[in-house]
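Right, one structure below, let's go through it.
The values are calculated or read from the model by the stated rules, or taken from the named source; none is laboratory data. Quick caveat: nothing in here was measured; it's all calculated off a predicted structure. Every residue, glycine as well, gets a Cβ built from its backbone with ideal geometry; the counts of neighbours run over all protein chains shown.
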Amino acid sequence: MMPDRRNRPVRVAVVGAGHVGATFAYALMFSGLASEIVLVDANRARAEGEAMDLNHTEPFTRATRVWAGDYSDCAESAVVVLAAGAGQKPGETRLDLAKRNAEIFAEIVPQIARYAPETILLVTTNPVDVLTSLALRLSGFRAQRVIGSGTVLDTARFRHLLGRHFHVDTHSVHAFIAGEHGDSEVPLWSLANVAGVPLDQFGSLLGVHWDESVKREIFTQTRDAAYHIIERKGATHFAVAAGILRIVEAVLRDQHTVLSVGSQVEDFYGISGVSFSLPTLLSRAGIERQLRLNLAEDEVAGLRRSEEILRDIMDGLPSQRAA
Ligand SMILES: NC(=O)c1ccc[n+]([C@@H]2O[C@H](COP(=O)([O-])OP(=O)(O)OC[C@H]3O[C@@H](n4cnc5c(N)ncnc54)[C@H](O)[C@@H]3O)[C@@H](O)[C@H]2O)c1
């Protein structure tokens, strides 16, 4: 008899149990969103060690079954988070990194698609936008079911810095970073507000200094944050893991949340055929819809620059065929 899928516990698979994957799994344990977490890693011992350590949090977190598994354990997963592969090494170009991690994706994505043909893929490995496109191609999934963590992290950094500048809770700051997760990312200043009030007016209202130099400084700190953190501690993982959890929550709980996730862009201000971030509605189906917002001219120009950069990297990759 076929198992009744409505009775299945919620399973989330994490492929790549390194800094990012393991920190996300840890956060997921506290959230109670999943009943099962499977960790898959080329380094089996690492996945086993993380699973053992995570299991010992159970008396303090939510009852969750965690184990180190194989690709076959991704079967029936609601979401598979891809965090496998290395980060950029000093002196390495983004194209070199993309080649290295594209090889890893060519190995793992077809396996996931084989065992979990109905899952939602959530890509976090860098360069995340290029690998989101590649995961789409290699899985053969509909674009709706392939999400990139995109600029969710950059948007969090941006909101944190804006909140600190205006001395208001980050949750009251509505502002997005769009485009590439990387050097060409685009601050959507034209949409940024606190409590519905545009930032220049909010500055006057509160008597807080606000001009082009402050904007430049806040954006520079947002864009370059990863370099400063990696210089000091070698990796970034807490904030990205929290961002991944927020995406997974929006999906599993069908929240229709707007987040700046990455997904395949078609025909937005003439931009097509790349994945990058736009404010996007997320639901249980995955990408419910990208919001086609009216943007300022310089913002559109910025997105075109992201498109060019991403296309150049994708053109430099050896062709990866769908499985
Ligand atoms: N998108 C974002 O906002 C963001 C933020 C931080 C880090 N990242 C990226 O996330 C990725 C992971 O970073 P990390 O710090 O966790 O790295 P890490 O080195 O700590 O972990 C990577 C893990 O991937 C595993 N792995 C490598 N090849 C594999 C394969 N073929 N199959 C299965 N597992 C494999 C490794 O064994 C390792 O455990 C990097 O690409 C990094 O740049 C993205």
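Within the stretch 124-135, the set of residues being within 11 Å of the ligand (Cβ to nearest atom) and either modelled with pLDDT under 95 or more than 19 Å from VAL240 (Cβ to Cβ) (or both) is empty.
When VAL168 is tested against (1) surrounded by fewer than 24 Cβ atoms within 10 Å (Cβ to Cβ); (2) in a helix (DSSP H, G or I), just one condition goes unmet, and that condition is (2). Only residues that are farther than 21 Å from GLY18 by Cα and buried (at least 16 other Cβ atoms within 10 Å of the Cβ) were counted across the stretch 111-127, and they come to 4.
Considered as a group, the residues in the stretch 159-192 that are under 15 Å from the mean Cα position of the chain (by Cα) and more than 14 Å from PRO127 (Cα to Cα) include one that is nearest to the ligand (Cβ to nearest atom), and that residue is ILE177.
Remark: pairs (first residue in the stretch 200-214, surrounded by 12 or more Cβ atoms within 10 Å (Cβ to Cβ); second residue among the aliphatic types (A, V, I, L, M); Cβ separation under 6 Å; 6+ apart in sequence or on different chains) = PHE202/VAL194.
Among the residues of this structure, LEU245 does not count as one that is more than 16 Å from the ligand (Cβ to nearest atom) and in contact (Cβ under 8 Å) with a residue 40 or more places away in the chain. Consider GLY234 against the criteria (1) at pLDDT 95 or above; (2) within 11 Å of the ligand (Cβ to nearest atom): it satisfies all of them except one. Which criterion is unmet? Going through (1) at pLDDT 95 or above; (2) within 11 Å of the ligand (Cβ to nearest atom) one by one, GLY234 breaks only (1).
Counting just the residues of the stretch 141-158 that are within 16 Å of the ligand (Cβ to nearest atom) and not in a helix (DSSP H, G or I), which one comes out nearest to PHE219 (Cα to Cα)? Show your work before the answer.
Within the stretch 141-158, the subset within 16 Å of the ligand (Cβ to nearest atom) is 146-158.
Next cut, not in a helix (DSSP H, G or I) only: 146-151.
On the way: VAL146: 28, ILE147: 25, GLY148: 22, SER149: 19, GLY150: 17, THR151: 13 Å.
Applying the filter and picking the extreme gives THR151.
Please pick out the residue among THR222, THR280 that is over 29 Å from LEU138 (Cα atoms), within 16 Å of the ligand (Cβ to nearest atom) and surrounded by 18 or more Cβ atoms within 10 Å (Cβ to Cβ). Testing whether each residue is over 29 Å from LEU138 (Cα atoms), within 16 Å of the ligand (Cβ to nearest atom) and surrounded by 18 or more Cβ atoms within 10 Å (Cβ to Cβ) leaves just THR222. Only one of the numbered conditions (1) surrounded by 14 or more Cβ atoms within 10 Å (Cβ to Cβ); (2) of a type outside the set (A, V, I, L, M); (3) in a helix (DSSP H, G or I) is not met by ASP315, and that is (1). In the stretch 52-86, how many residues are under 18 Å from PRO9 (Cβ atoms) and touching a residue at least 60 places away in the same chain (Cβ under 8 Å)? Result for the stretch 52-86: 8.
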